[in-house]
Protein chains: 2
Amino acid sequence: MNILVAEDEIGISNFLKQGLEEENYIVTVASDGEKALRLALSQSFDLLLLDWMLPKLSGIEVCRSFRKSGRTAPVLFLTAKDTVQETIEGLKAGANDYIKKPFSFEELLERIKVQFRSAVTENASYMLGPILLDKEKHQVFIDDREVYLTQKEFSLLEYLIKNKGTVCSRSQIIKEVWNIHFDYESGVIDVFINSIRKKLGLRKEEDYIKTVRGIGYIANEI
Amino acid sequence: MNILVAEDEIGISNFLKQGLEEENYIVTVASDGEKALRLALSQSFDLLLLDWMLPKLSGIEVCRSFRKSGRTAPVLFLTAKDTVQETIEGLKAGANDYIKKPFSFEELLERIKVQFRSAVTENASYMLGPILLDKEKHQVFIDDREVYLTQKEFSLLEYLIKNKGTVCSRSQIIKEVWNIHFDYESGVIDVFINSIRKKLGLRKEEDYIKTVRGIGYIANEI
DNA sequence: GCTCATTCTTAAGATTTACTTAAGACTGGC
DNA sequence: GCCAGTCTTAAGTAAATCTTAAGAATGAGC
């Protein structure tokens, strides 16, 4: 799990980085708001831990911009600004939790875990008809025969199966699988869908990945 | 949105009930832990607001049992137990947030909203009789059976259902669905209405899309 | 019940969108 | 820096949708 910590006081950020890394999180530190936002938008973090008062761009502005870009990763404020009004402002800006300094590191950890909880319970393998996708081992089987998929092919299939039964639009796919958060027109998705279908070797009438014209694709138990 | 409040002090529970109802939540109050758990398991609440100390069964036990049953609705503790250890215990038991008394009602409201945020945004669906139109997933169901509509069919049906109960003129439809903002005579709309009706497979007497001769069409609960 | 205007239905051509292939760009490991 | 594997772009082909138009059906008014 990747966590971005935005904190200008080096003492605190070191403390957080070390503590979180001991819990096996991968931590990136940004020392001002601009850097934090740039990182948050360019990489894909699983959680943002923001101080309110940051040089150049405040934490609350970072949070607002991040949400405005359509990203849904949890955001936690960790700040000395402790009034009710500030808490509310932080939550309204799109934060998922608001923790006041001084804080207990243990409590912070637990509150971070709360954010990941639903994601963790998530099954490590998915099924779709005869297709078995093992997220952990990064393997795909069809009727017990292994099919080798590349990284992107795997992510795309995973996304479709995770959302089986619901149509996934091209823009959603580009967002979630390619991490491109602006309008983007290209035939990439088509090429990968084609390649997945070929590798899975399904005949047209038994295709578990159906095209939804004008929208995107849908994975479905036939 | 249905909220279950488990609180034995009648002053607090009345205050919460009234305040939340003003915000248009539907509130059920349980005065002890056993009642709370029974209600939580038998009905489907969108959120649980638990006091820690409750007669018969503590809030934390209610939370554990609730989670054990596989339910995922958010649980918030609202309690006077304010140590770090208690907070952690509450969160570990499966709570999504832990608010310490005395609390600001405004902050409580905001923290409740945080829990609903993701759920609310994705609720872009309309209903018309047995027809369910999910804007986000771009899917249409009739009596739980999915019907595939093309792009234009979908937009047209969406427009009619969005305006159900009021007649939509041909020129309005051409404007809103086809984005043609000048006078335009053609049979396009008829063709699409026909195709939608056919796909929905409704008999004439149960047609939810009625023709208004000389004007246009109207979607109506029969 | 007849007439005329309006709407329904169908089918064929135009248009848009997706599929497939192949070539070039990129990337990580050696 | 090179190679092998992977990703992306682009262009031609295939397929589905959208539009138009024309004849059939329907309903309102006389």
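Taken together, the values in this text are just the output of simple stated rules run on the coordinates, not laboratory data. All values derive from a computational prediction rather than experimental measurement. Because the Cβ atoms are built from the backbone with ideal geometry, glycine has one as well, and the counts that use them run over all protein chains shown.
For n ≥ 4 DSSP H runs only, could you compute -39500 (n - 2.57) per run for the protein assembly as shown, divide by its residues and tell me the 222 nm figure to the nearest 500? Don't jump to the answer; show the numbers that get you there.
Details: 16 runs with 184 residues, N = 444.
Theoretical 222 nm ellipticity from helices: -12500 deg cm²/dmol.
When only C-alpha pairs under 8 Å and at least 6 residues apart count, what is the relative contact order of the range B:1-157, in percent?
Dividing the mean separation by the residue count of the range B:1-157 yields 14 percent.
Can you tell me the orientation of helix A:105-121 relative to chain A, as the angle in degrees between its alpha-carbon axis and the longest Cα principal axis, to the nearest 10?
That helix lies at roughly 10 degrees to the long axis.
Taking a label point 7 Å out from Cα toward Cβ, give me the nm distances from A:G214 to the same spot in the other copies, shortest first, one decimal.
Ordered by increasing distance: 3.2 nm.
At B:P102, with labels set 7 Å past Cα in the Cβ direction, how many nm apart are the copies from this one, shortest first?
Ordered by distance, the counterparts are at 2.4 nm.
In terms of modelled amide H atoms, which long-range or inter-chain residues lie less than 5 Å from the amide H of A:A30?
The answer is A:V5, A:A6, A:E7.
Answer rounded, prolate or oblate for the range A:110-222, using the Cα gyration tensor with square roots of eigenvalues a ≥ b ≥ c: rounded when a/c is under 1.5, else prolate when a/b is larger than b/c, else oblate. Write down the numbers at each step before the final one.
Numbers: a/c = 1.78, a/b = 1.16, b/c = 1.53.
Here the range A:110-222 falls in the oblate category.
First select every other residue whose beta carbon is under 12 angstrom from the beta carbon of A:I131; then total the charges, Lys and Arg +1, Asp and Glu -1. Intermediate values should be presented prior to the final figure.
On the way: positive: A:R145, A:K164, A:R197, A:K199; negative: A:D134, A:D143, A:D144, A:E146, A:E158, A:E206, A:D207, A:E221.
With Lys, Arg at +1 and Asp, Glu at -1, the neighbours total -4.
Charges on Cβ only, +1 for Lys and Arg, -1 for Asp and Glu, centred on the Cα centroid of the protein assembly as shown; of B:F141, B:G187, A:T72, which one is farthest towards the dipole's positive end?
So the residue furthest toward the plus end is B:G187.
Among residues other than B:E89 whose Cβ falls under 15 Å from its Cβ, what is the net charge (Lys/Arg +1, Asp/Glu -1)? Could you put the intermediate results ahead of the total?
Working: positive: A:R111, A:K113, B:R64, B:R67, B:K81, B:K92, B:K100; negative: A:E106, A:E107, A:E110, B:D51, B:E61, B:D82, B:E86, B:D97.
Value of the local net charge: -1.
So what's the net charge close to A:G11: Lys and Arg +1, Asp and Glu -1, counting the other residues with Cβ under 15 Å from its Cβ? Walk me through the numbers on the way to the answer.
Details: positive: A:K17, A:K101; negative: A:E7, A:D8, A:E9, A:D51.
Within the 15 Å Cβ shell, the charges total -2.
For peptide B:86-99, compute the average count of partner chain beta-carbon atoms within 10 Å of each residue's beta-carbon.
Values: counts 0, 5, 7, 1, 1, 7, 3, 0, 2, 2, 7, 5, 5, 0.
The mean count of partner-chain Cβ atoms within 10 Å per residue comes to 3.
Label the range B:2-121 by shape, choosing from rounded, prolate and oblate, from the square roots a ≥ b ≥ c of the eigenvalues of the Cα gyration tensor; if a/c is under 1.5 it is rounded, and otherwise prolate applies when a/b is larger than b/c, oblate when it is not. All intermediate terms of the calculation are to be shown ahead of the outcome.
Details: a/c = 1.16, a/b = 1.11, b/c = 1.05.
Rounded shape, in that the Cα axes give a/c under 1.5.
Using θ = phi - 60° and the Karplus relation 6.51 cos²θ - 1.76 cosθ + 1.60, list the HN-Hα couplings for the range A:210-215 in order, rounded to whole Hz, with x at every Gly or Pro.
3J(HN,Hα) across the range A:210-215, in whole Hz: 9, 7, 10, 4, x, 10.
Compute a Gaussian network model of chain B, connecting alpha carbons closer than 10 Å, and tell me which residue from B:K198, B:K164, B:K113 fluctuates the most.
Of the options given, B:K198 has the highest mean-square fluctuation.
Taking the Cα atoms of the protein assembly as shown, what is the range of coordinates along each of the three principal axes, in descending order and whole Å?
69, 54, 48 Å, listed from the longest principal axis down.
What average number of partner chain Cβ atoms lie no more than 10 Å from the Cβ of the residues making up B:101-113?
Values: counts 0, 0, 1, 5, 1, 4, 7, 0, 2, 9, 6, 0, 3.
Counting other chains' Cβ atoms within 10 Å and averaging over B:101-113 gives 3.
Beta carbons within 10 angstrom, averaged per residue: use that to sort the peptides B:66-76, A:185-195, highest first.
Values: B:66-76: 16.5, A:185-195: 13.6.
The densest-packed peptide leads the list: B:66-76, A:185-195.
Can you give me the Cα centroid spacing of the range B:177-222 and the range A:37-51 in angstrom?
47 Å
³J(HN,Hα) across the range B:34-51 via Karplus (A = 6.51, B = -1.76, C = 1.60, θ = phi - 60°), whole Hz, x for Gly/Pro?
4, 4, 4, 5, 4, 4, 4, 7, 8, 9, 10, 8, 8, 6, 10, 10, 10, 7
With no solvent and one equal point scatterer placed on each C-alpha of the range A:45-116, evaluate the Debye formula and give log10 I(q)/I(0) for q = 0.13, 0.22 Å⁻¹, two decimals.
The calculated log intensity ratios at q = 0.13, 0.22 Å⁻¹ are -0.33, -0.96.
Could you sort out which of A:K164/B:K137; A:K68/A:K164; A:K81/B:K100; A:K113/B:K137; B:K135/B:K199; B:K17/B:K113 sit more than 20 Å apart by Cα distance in this structure? The partial results should precede the final answer.
Details: A:K164/B:K137 11 Å; A:K68/A:K164 27 Å; A:K81/B:K100 17 Å; A:K113/B:K137 29 Å; B:K135/B:K199 18 Å; B:K17/B:K113 16 Å.
Correct reply: A:K68/A:K164; A:K113/B:K137.
What nm distances, shortest first, do you get from the label point of A:S169 to those in the other copies when the point sits 7 angstrom along Cα to Cβ?
For A:S169, the other copies' label points sit at 3.0 nm, shortest first.
If packing is taken as the average count of other Cβ atoms within 10 Å, what order do A:21-27, B:57-63 fall into, highest mean first?
Result, highest mean Cβ count within 10 Å first: B:57-63, A:21-27.
Mind listing the long-range amide H neighbours of A:I99? Cut-off is under 5 Å, sequence gap 5 or more, other chains count too, H placed in the peptide plane at 1.01 Å from N.
A:F77, A:L78, A:T79
Any idea what the relative contact order of the range A:125-219 is, in percent, if you count C-alpha pairs under 8 Å spaced at least 6 apart?
Details: 113 pairs, mean separation 27.5, N = 95.
Across the range A:125-219, relative contact order equals 29 percent.
HN-Hα J couplings of the range A:4-15 from phi, Karplus 6.51/-1.76/1.60, θ = phi - 60°, integer Hz, Gly and Pro as x?
For the range A:4-15, the Karplus curve yields 9, 10, 10, 7, 8, 7, 4, x, 5, 5, 4, 4 Hz.
Any idea what angle helix A:59-68 forms with the longest principal axis of chain A, computed on alpha-carbon atoms, 0 to 90 degrees, nearest 10?
Relative to chain A, helix A:59-68 is tipped by roughly 20 degrees.
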